[in-house]
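What follows is a single structure, written as structure tokens, with notes after it.
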Amino acid sequence: MAETRHSKILIIGSGPAGYTAAVYAARAMTNPILVQGLQPGGQLTITTEVENWPGDSHVQGPDLMVRMEEHAKAMGAEVISDYISSLDLSKRPFTAQADSGTTFTADAVILATGAQAKWLGLPSEEKFKGFGVSACATCDGFFYRGKEVVVIGGGNTAVEEALFLTNFATKVTLIHRRDSLRAEKIMQDRLFKNPKVQVLWNHSVEEVLGDTSPLGVTAVRAKNVETGETTDVPCAGFFVAIGHAPASELVKDQLELHNGGYVKVKPGSTLTSIPGVFAAGDLTDHVYRQAVTSAGMGCMAALDAERFLAEQDEA
């Protein structure tokens, strides 16, 4: 029989924002429940080297997230491996349906669902996903030992993926539609100094080419955005690193959104357009998108939620 669980605070998502919110909410003796989602630990679990987390000059992303989860549990938060498939914010207590069949109800909700990789939207990209097309070099780079790969993108993510892939691949071609990168200068310097990396400027990817038996990528077709001329770049793996989109599907028709789907919060707070619902981390942040700012917002969300619950008790 399907179970119903109630908590004062339900936290949806398990990146730095979610786990930090859980630490603070648990310390306030609210006995929060955190539902991890499809990717426990969030985007940092697919980031190897983290050099900008205060207190750790060098830490592996997955290790950092394991520590955060353990910290939340140690403080008394209940961490549940499940996925929230629907959320009703029309009345309190709020109701969330989980993939397992469990129903969660809560007096306050903290949304920390983060962001997810964007794709190019090509039929051929979809065809080869998992068979040479990936959005996660740290997940799949190992499979391309001694092979050539292509990365598309121009920001920090693309440069990080390209550099990581040089540990395995014989050659990494970075394709970017402009003539300069958006990535931090220190990252660009590392990229340009790496002899395994070649940058193909002013190009977009038109199609992923490959074999069907067995299914696998053999090249990508790149088009010069200025001349229209196409070039086939041989590769065994194609990594899409063109940014992320906020994971706001659960609330897109319920909360006020802006800037392409980010949850809008009251300036200087984590308050959304519905009282008792708070949002933190990359779900709300289209500017900074850093682990440390997400964690800070997780702290804010827990404090905002505690304040909200105290006001409800007084009313």
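The values are calculated or read from the model by the stated rules, or taken from the named source; none is laboratory data. Here the structure is a predicted model, which means the values were calculated and not measured. Here the Cβ is made from the backbone with ideal geometry for all residues, glycine too, and neighbour counts use every protein chain on show.
Things worth noting here:
- Across the range 79-99, the number of residues qualifying as touching a residue at least 60 places away in the same chain (Cβ under 8 Å), buried (at least 16 other Cβ atoms within 10 Å of the Cβ) and either of a type outside the set (A, V, I, L, M) or closer than 21 Å to ALA305 by Cα (or both) comes to 8.
- Of all the residues in the range 255-271, those that are polar (S, T, N, Q) and touching a helix residue (DSSP H, G or I) at 6+ places or on another chain (Cβ under 8 Å) number 2.
- Selection of the range 285-305 for residues being outside any helix (DSSP H, G or I) and in contact with a Pro (Cβ under 8 Å, 6 or more places away or on another chain) yields only HIS286.
- Only one of the numbered conditions (1) more than 20 Å from LEU283 (Cα to Cα); (2) at pLDDT 95 or above is violated by VAL109, and that is (1).
- Within the range 51-78, considering residues that are among the acidic types (Asp, Glu) and over 22 Å from GLY276 (Cβ atoms), the one surrounded by the fewest Cβ atoms within 10 Å (Cβ to Cβ): GLU51
- Test: ASN224 is among the polar types (S, T, N, Q) and modelled with pLDDT under 95: no
- Search result, residues across the range 6-29 that are surrounded by fewer than 21 Cβ atoms within 10 Å (Cβ to Cβ), out of contact with any Ser or Thr (no Cβ under 6 Å at 6 or more places or on another chain) and in contact (Cβ under 8 Å) with a residue 60 or more places away in the chain: ALA28
- ALA241 being in contact with a strand residue (DSSP E or B) (Cβ under 8 Å, 6 or more places away or on another chain), surrounded by fewer than 23 Cβ atoms within 10 Å (Cβ to Cβ) and within 21 Å of CYS136 (Cα to Cα): no
- Any hit, the range 43-50, residues being farther than 30 Å from PHE142 by Cβ, buried (at least 20 other Cβ atoms within 10 Å of the Cβ) and either of a type in the set (A, V, I, L, M) or within 23 Å of the chain's Cα centre (by Cα) (or both): no
- Of the listed requirements (1) of a type in the set (Val, Ile, Thr); (2) in a strand (DSSP E or B); (3) more than 24 Å from the chain's Cα centre (by Cα), THR227 misses just one: (2).
- Test: residue in the range 214-227 that is in contact with a Ser or Thr (Cβ under 8 Å, 6 or more places away or on another chain), touching a residue at least 40 places away in the same chain (Cβ under 8 Å) and closer than 30 Å to MET29 by Cα: no
- Filtered residue count, the range 134-143, keeping only those that are assigned to a helix (DSSP H, G or I) and surrounded by 14 or more Cβ atoms within 10 Å (Cβ to Cβ): 4
- Complete set of residues in the range 264-308 that are touching a Leu at 6+ places or on another chain (Cβ under 6 Å) and polar (S, T, N, Q): THR272, SER273
- Every residue from the range 195-223 that is in a loop (DSSP other than H, G, I, E, B), over 16 Å from GLY153 (Cβ atoms) and of a type outside the set (Gly, Ala, Ser): PRO195, LYS196, PRO214
- Whether a residue is assigned to a strand (DSSP E or B), of a type outside the set (S, T, N, Q) and farther than 30 Å from PHE164 by Cα was assessed, and PHE278 passes this test.
- Restricting ALA158, ALA115 to residues that are in contact with a helix residue (DSSP H, G or I) (Cβ under 7 Å, 6 or more places away or on another chain), within 30 Å of ALA279 (Cβ to Cβ) and crowded, with 21+ Cβ neighbours inside 10 Å narrows the list to ALA115.
- ALA315 meets the conditions (1) under 30 Å from LEU10 (Cβ atoms); (2) at pLDDT 95 or above in every case but one. The failed one is (2).
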